[in-house]
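For reference, the structure discussed in these notes is given below.
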Ligand SMILES: *Cc1c(COP(=O)(O)O)cnc(C)c1O
């Protein structure tokens, strides 16, 4: 905004940016760890973290150094050349997961696009032309044409004309419905281990194991969309670990680059069927993005970040349990690690989030009756307690 009065930002936005976001009435200009500041100098605790993206918090000095050093060395080269950070990141992700090979993209939607193409190619070649993918109601896989076709929220795809065929939907958590929806045309199941955008919905105990078993029996692929749940967010490196299952394909993005746009598709050897010419991306896996993700994932894997996610998540859940005891308006809470939701009996999530913002705590109304919490995985014990104190006063205020 150089040369402009920064108070003009919302006005300039409404004039020059397409009106496609319902934005919070705040212009954020700076951050440090879990804290951010707006253009008036007001400080907030950021429990949205770019929608589960800012894994190491804001302005992490180690990450900033890696990005600066890579920018001075080599920002981008085409995928027609080998690149060191790209292959190092692939090696790290493969060695710390049950998958065998990776490729890189720039977002969650693109990761799922890649996974959908991979599964279709696999099905057409190995399952007699099968190309259909079963996804879940209230699931979320992105905003491109293929990924909205895979997203179980009809209003995200209805304005855009004929949709890509080959997707069917079943209720999340309903194994019998999934079985009934499976046919000779089915090549894969695409599912989130915990539905993020759908409301932080944790599936019933044993559901994901049942899905895995069914895929094995039917000889179809299981694609886990870990775009939101992966990279330490749910208290283990990957959410599939907690379900005791292994995916055939896994997609990542959000937290992978700690704020630098990067996504990944990982697959077991039998599902890694792309050959030269099948798929590609100009920016996908470029040296800058993969050097940043390599650093972030080293911290998540070896730097105690995942353990902190689990412990701080449990601390947050204890606060929620006490709110549930003390406030009639609180219906319950759900989630894993540092992906949590506090659920109310009435549709007051928007009001809670608005008042919390005024009080210096950034939250997200993921459903009309549910508030989502997804702070940086480096959030401190003191910051969790501070956020809980702010939230407590806000709930008191809103439900009085
Ligand atoms: C956010 C999200 C996506 C889409 O990611 P983009 O980077 O916005 O394209 C896909 N799947 C899940 C589970 C997500 O949470």
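Each reported figure results from applying straightforward, stated rules to the coordinates on display, with no laboratory input. Remember, it's a predicted structure, so these values are computed and weren't measured experimentally. Cβ atoms come from the backbone with ideal geometry, glycine included; neighbour counts cover every protein chain shown.
How would the range 40-139 be classified by its alpha-carbon gyration tensor: rounded, prolate or oblate, with rounded meaning a/c under 1.5 and the a/b versus b/c comparison settling the rest? Kindly include the intermediate steps, with their values, before the conclusion.
Values: a/c = 2.72, a/b = 1.46, b/c = 1.86.
Oblate, because a/c is 1.5 or more while a/b does not exceed b/c.
For the residues 169, 373, 47, what sequence is obtained by ranking on other C-beta atoms within 10 Å, fewest first?
The fewest-first ordering by Cβ neighbours comes to 169, 47, 373.
Could you tell me which of rounded, prolate or oblate describes the range 134-208, using a ≥ b ≥ c as the square roots of the eigenvalues of the alpha-carbon gyration tensor, with rounded for a/c under 1.5 and, failing that, prolate when a/b is larger than b/c and oblate otherwise?
On the way: a/c = 2.35, a/b = 1.26, b/c = 1.86.
Since a/c reaches 1.5 but b/c is at least a/b, the shape of the range 134-208 is classed as oblate.
Return the single residue from 13, 205, 241 with maximal mean-square fluctuation; model: Gaussian network over the chain, springs between Cα atoms under 10 Å.
In this elastic network of the chain, the residue with the biggest mean-square fluctuation among 13, 205, 241 is 13.
Would you calculate, for the chain, the mean residue ellipticity at 222 nm contributed by helices, counting each DSSP H stretch of 4 or more residues as -39,500 (n - 2.57) and dividing by all residues, to the nearest 500?
Value at 222 nm, helices only: -11500 deg cm²/dmol.
Would you mind classifying the range 84-234 by shape? Square roots of the alpha carbon gyration tensor eigenvalues, ordered a ≥ b ≥ c; an a/c under 1.5 is rounded, otherwise it is prolate if a/b is larger than b/c and oblate if not. Could you put the intermediate results ahead of the total?
Values: a/c = 1.26, a/b = 1.22, b/c = 1.03.
It is rounded, given that a/c, with a ≥ b ≥ c, falls under 1.5.
To make sure I understand, if each residue's beta carbon is the centre and we count other beta carbons within 10 Å, what order do 260, 36, 398, 227 fall in, fewest to most?
Listed from fewest to most nearby Cβ atoms, that is 398, 260, 36, 227.
Once the piece of chain linking residue 359 and residue 117 is laid out straight, how much longer is it, given 0.36 nm per residue of separation minus the C-alpha distance between them?
82.6 nm
Express the relative contact order of the range 269-399 as a whole percentage, based on alpha carbon pairs under 8 Å and six or more residues apart in sequence.
Reported as a whole number, the value is 21 percent.
With an 8 Å cut-off on Cα pairs and a minimum separation of 6 or more residues, tell me the relative contact order of the range 1-157 in percent.
10 percent
Quote the relative contact order of the chain in percent (integer), defining contacts as alpha-carbon pairs under 8 Å separated by 6+ residues.
22 percent
How far, in nm, would the chain grow between residue 217 and residue 71 when pulled straight, counting 0.36 nm per residue and subtracting the alpha carbon separation?
47.7 nm
Using a Gaussian network model of the chain with C-alpha springs under 10 Å, which one of 122, 238, 37 is most mobile by mean-square fluctuation?
37
Compute the separation of the alpha-carbon centres of the range 163-242 and the range 45-99 and state it in Å as a whole number.
First find each Cα centre; the distance between them is then 27 Å.
For the chain, modelled as a GNM with alpha-carbon contacts under 10 angstrom, which of 137, 112, 79 fluctuates the most?
The residue with the greatest mean-square fluctuation here is 79.
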